[in-house]
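A short write-up of the structure that comes next.
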Amino acid sequence: MNASTDPLKTTHLFFGPQHPGVTGNMSVEMWFDGDEITKAITHVGYLHRGFEKLMERRLWIQNFPLVCRICVPEPDINEECYALAVEKLDGIEVPERARWIRTLVLELARFAVNLMAFGGQAGTIGLGTGAMWGITFRDFVLDLFEELSGARVYHMYIQPGGVRRDLPEGFEKHVLEVLDKIGKRLPEFDRLILNNSVFKDRTVGVGIVKPEWISELGLVGPVARGSGSGRDVRKDAPYEAYGELDFDVVTEQGCDIYSRALIRRREIDLSMDLIRRILESMPGGPVAAPLPNLTEWRIPPGEIYTRVESSRGEYGYYVVSDGSLKPRRVHVRGPSYVHALTLLERMLVGANIADVSNIMVSLTTCPPEIER
Amino acid sequence: MKFTDIVSPFLAWSRAAKKADTIPYPQKSNPGSDRYRGFHRNDLDKCIGCGRCEEICQNLAIGMVQVEDSQPVKGDSGLRPLVDYGRCCWCALCIDVCSTGSLSLSNSYSWTTYNADTCAYIPGTDEKAWDHTPKGYSQDNSILKWAGSPRVSMPAARPDKRVDSFEEVIRGYSPEQAAIEAARCIQCGLCVTACPAHMHIPEYLRAIADGDYAGAVKLFFDNNPLPEMCGKVCTRECESVCAMGYQGEAIAIRWLKRFACEQFESLSDVLAVDEKPLEQGRGKVAIIGTGPAGLSAAYYLSRMGFEAHVFDKDEEGGGVAQHAIPEYRLPAAGYEKQMDVFRKAGAHFHYGTEVNDADILKMSDDYDAVFIAAGLQKSSEFRIPGVELPGVKHAFYFLMNKPEDGSIDVGARVLVIGGGNVAMDTARTCLRLGSEVVISYRRRIVDMPADEEEIEEAMEESIDFRPQTIPIRIEKAGQRLKYFYAEAEMIDDPNGGRPKPVRKDDIEHGIEIDTVFLAIGQSSDLGFLPEVIAEKMTIQWGEIEVDKDQYTGVKNIYAGGDITPGAGDIITAIADGMRAAKAIRDGGNLIVNLK
């Protein structure tokens, strides 16, 4: 009998899949001795969607409204990865303006999701106000998305070949207004969350991600950057207009939940800065390259891996074409695969039971990335 | 622990005194943005039921259904999209690909109903509150061009070079160009209903896009045994209704048909027509005329196992379509390739055999059926003073007499009266013979019955068009002729018909010319019909009336092509021949019970 799951010594508990503290449709099976977790296993299988298989049965163009559904808070990275893959396979040249608009959209999405995740981190330890504020600030950004693409959550705006519409009239002005509005409220947000003794007590030194795990497990995004790594696809392998934007990768050395929250907070500032600069250097011209007849669109045989920096780290698509009307294979590689399975199971051992959702949210795990 | 860390969170309480960020719904609601992707609207006047929305929908949320007040007509399937909101994901692909731009999304996003069945409705037909809201996501084809794209331009000889010879103007697509052009087809099939012969257009376009040219040729012959001729000079009703033409350019269906035929030296080899017919010994049919209608009937009857005998007074056969169309549009070199199919299919040709009334009577007894496709043989008369002068000629007879070889001297300056294809062909032929050409037509250029492309090409070749000119008389002027005309203005018809040209003033304009060609239409010569048969038929304006099976009402006798009322083009004649062949097979009007 394994000591960590000994029924006489440990309590056995399922956390999720229906639990407000779990980030999405997954569950964590735990054994704990007193308050201390002795073993944790992540279970997925509650999503029942099969995005990757669905994509093999849809035309190339029909997939771009589908891929966004893999991630609710930040759908645009999926659209971007898919569009990049299709464009590279078919040799489509994306117009300059479309590249900059895409960068703007991706940065706005990152901005929105970091606002929500930063507030959400406070929510997991009972600071509901922080979570509410995060959601509210995100909603101001969703208003912009609605104006730009016609939908608040699933934008379906970045399509292979460019973007679907040009920026609406006055959009730049509205973006700046929203940035100013949120920017003014951020000090208040900081006082509520970062300068909060309860938040500090519950996050400083909790949920340690050891720096040596980064390359061992392949950790990316805020999880890696919160432990001193400088990994950022925007910098390491620039895509769209990121190569033309000068910025410093945000890193923290604390390795704990507080550092990761701080990373998100600083990413908010970075996004606001980038968005302002993108708007300043937005070029003119067309926003979409012409595509062939969509229902007869065949893409030359080939395979490609494309990646972007999501709010959770490197996010990639592996796309294979056999020259037919539909993709032969699309593989979605999201950072949550490692963060929620390998890393979470390792981090939870020895953790306090009350910190499970705290840790989980700090990793911003997203089950649809695991169970595509 | 710092003291400020204990105090500062409580500063959040200050928000209690400030305005809330949330919207107190339902007292106040947030309208959807100008681009909001809400519920569907459909402008039924614009919708043509092409089904593009249904095809692109990744969720099978759209189904094309018959609606009460919309009937299928040429260029409109009569079907309209029904949207099921249990499946719709509001991706708006249907909007961006809508070929006419009729479909759009309103900015309404909220709708309450007690009846779940009403969540699937036909936008535009089933009235909804958002039908007339101006805002919402609508198509912008100027950005995406998903609803209509430009066609691959056809390589053609330059206007200043081509007028020096009778070489064919159109050069034809390369396989790469053809594949791109054929792949533009959205497979809606509206063209099939518009084509008089109902050719399998979407299917053969797909075959061409896939590089299966033999497959395409086989599909042509299902409904049209003269695809190469149609590929060059068809009036292309199909292209006029093409869904891609609303916001882009129609697919070059005619050129693609031509392309597929050009890929083979012999079409009979592709079809394997010389192998035994589908059935044998079903009867004997006499066909009068080897024009498109006669050939079409001969081909299908032969393939169905009939013995088809085709009679033509001409030594070569081919009819008006083959002979009157000049070399630069329809080269005679292709005639042999075309006739090879008919001979190998088993049709018997009797050239140089003039059929008179006694022959027809005999044929109606000797044969199981007679198909009259004699066409229009006479040029219409035109009555203005001076038409009897030497130098005034009928354009139709001129074209029929192989003018390409230069044996007919037309002089330095030629006048063509008329605005149809015969007028254009005559004008362009004379231009190639080295003359200066003037076209005089009573109405405007847009009213000309000639093919639009022929008018354009004629203009490119710098032919002098004089529209809205009413002919007054022709006089002799020394060795030349003088043509007098008056200018006309267009007066709208109060009954809604096309505007009529009315003489504007008393001024007479005169131009000196060498030859005048009259191109104001052709008429039939029914002299070969025996009286006993002719009196049982309904003959109006020299044309034999037939029913939908091309049946004349006289036992065993069918008619088709230009001799019957109709569009008077090649593809209609082909369709007539095919229908007659089917009717003869089905034997509804035959004494002999053919199985």
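A few notes on this one:
- Note on chain A: GNM, Cα springs under 10 Å; of A:154, A:318, A:258, the largest mean-square fluctuation is that of A:318.
- 1.4 Å probe, heavy atoms, protein only - residues of the stretch A:267-306 losing at least 50 Å² accessible area vs chain alone: A:293, A:294, A:295, A:296
- Computed Rg/Rh of the stretch A:278-356, alpha carbon atoms with Kirkwood Rh: 1.20
- Within 10 Å of each Cβ in B:135-145, the average number of Cβ atoms from other chains: 3
- Full-extension gain in nm, residue A:276 to residue A:169, via 0.36 nm per residue minus C-alpha separation: 36.8 nm
- Cα-Cα P(r), the protein assembly as shown, percent of pairs per 20 Å interval: 12, 32, 26, 17, 11, 2, 0
- Taken along the Cα-to-beta-carbon direction at a fixed 7 Å, the label points for residue B:464 and residue B:2 span 9.6 nm.
- Across B:498, B:428, the residue with the most accessible area heads the list, and the full order at a 1.4 Å probe is B:498, B:428.
- Summing +1 for each Lys or Arg and -1 for each Asp or Glu among the other residues whose beta-carbon sits under 15 angstrom from that of residue B:3 gives +1.
- Residue by residue along A:66-74, Cβ atoms of other protein chains within 10 Å of the local Cβ number 1 on average.
- Spacing of the modelled spin labels on residue A:53 and residue B:408, each 7 Å from Cα toward Cβ, amounts to 7.3 nm.
- Relative to the longest principal axis of the Cα atoms of chain A, the long axis of helix A:171-193 makes an angle of roughly 10 degrees.
- Compared with the alpha-carbon gap, the fully stretched path from residue B:156 to residue B:176 is longer by 5.5 nm at 0.36 nm per residue.
- Net charge of Cβ neighbours under 14 Å - reference residue B:64; Lys, Arg +1; Asp, Glu -1: -2
- For residue A:43, solvent-accessible area (1.4 Å; no DNA, RNA or ligand), Å²: 60
- Interface residues, the stretch A:152-173 - accessible area loss of 30 Å² or more versus chain alone, probe 1.4 Å: A:156, A:164, A:165
- FRET efficiency for residue A:93 and residue B:476, using Cβ-Cβ distance with R0 set to 56 Å, rounded to 0.05: 0.25
- Averaging 1/r across all pairs of distinct Cα atoms in chain B and inverting the result yields a Kirkwood radius of 27.9 Å.
- In Å², nearest 10: area of residue B:23 left accessible to a 1.4 Å probe: 70
- Only DSSP H runs of four or more residues enter the estimate; each adds -39500 (n - 2.57), and after division by the residues of chain B the mean residue ellipticity at 222 nm equals -7500 deg cm²/dmol.
- Separation between Cα centres of the stretch A:9-59 and the stretch B:94-142, rounded to whole Å: 39
- When the residues A:191, B:35 are ordered by accessible surface, computed with a 1.4 Å probe over the protein chains alone, the sequence from largest down reads A:191, B:35.
- With 30 Å² as the minimum drop in accessible area between chain alone and full protein complex (1.4 Å probe), the qualifying residues in the stretch B:34-50 are B:35, B:36, B:37.
- Surface analysis of the stretch B:112-178 yields an accessible area of 57 Å² per residue, using protein heavy atoms and a 1.4 Å probe.
- The stretch B:232-270-the stretch B:4-35 distance, computed between alpha-carbon centres (Å): 64
- Stretchable slack from residue A:132 to residue A:18, in nm (0.36 nm times residue separation minus alpha-carbon distance): 39.0 nm
- Each label point was placed 7 Å from the Cα along the Cα-to-Cβ direction; for residue A:200 and residue B:332 their separation is 10.4 nm.
- Accessible surface ranking for B:36, A:82, 1.4 angstrom probe, highest first: B:36, A:82.
- Efficiency of FRET from Cβ geometry, residue B:541 and residue B:388, R₀ 25 Å, rounded to 0.05: 0.55
- Net charge of Cβ neighbours under 12 Å - reference residue B:153; Lys, Arg +1; Asp, Glu -1: 0
- Accessible area buried at the B-A interface, both sides summed, 1.4 Å probe (Å², nearest 100): 3500
- When only Cα pairs below 8 angstrom with a gap of at least 6 residues are kept, chain B shows a relative contact order of 12 percent.
- Percent carbon-and-sulfur accessible area, chain B, ignoring ligands, DNA and RNA, probe 1.4 Å: 51
- Cβ-Cβ distance of residue B:567 and residue A:72, R₀ of 41 Å, FRET efficiency by 1/(1 + (r/R0)^6): the value works out to about 0.10.
- Hypothetical label at residue B:446: residues of the stretch B:498-512 whose amide nitrogen lies under 18 Å (7 Å Cα-Cβ projection): B:498-502
- Surface share of carbon and sulfur [accessible, 1.4 angstrom probe, percent] for the stretch A:139-290: 50
- Per residue accessible area in Å² of chain A, where ligands, DNA and RNA are left out and the probe is 1.4 Å: 35
- For residue B:416, the residues whose modelled amide H falls within less than 5 Å of its own, excluding neighbours fewer than 5 places apart on the same chain, are B:438, B:439, B:440, B:517.
The values are calculated or read from the model by the stated rules, or taken from the named source; none is laboratory data. Computed from a prediction, not measured in an experiment: that's the story for all the values here. All Cβ positions, glycine included, derive from the backbone under ideal geometry; neighbour counts span all protein chains shown. With ligands, DNA and RNA removed, areas are computed over all heavy atoms of the protein, side chains included. Shrake-Rupley method; radii C 1.70, N 1.55, O 1.52, S 1.80 Å.
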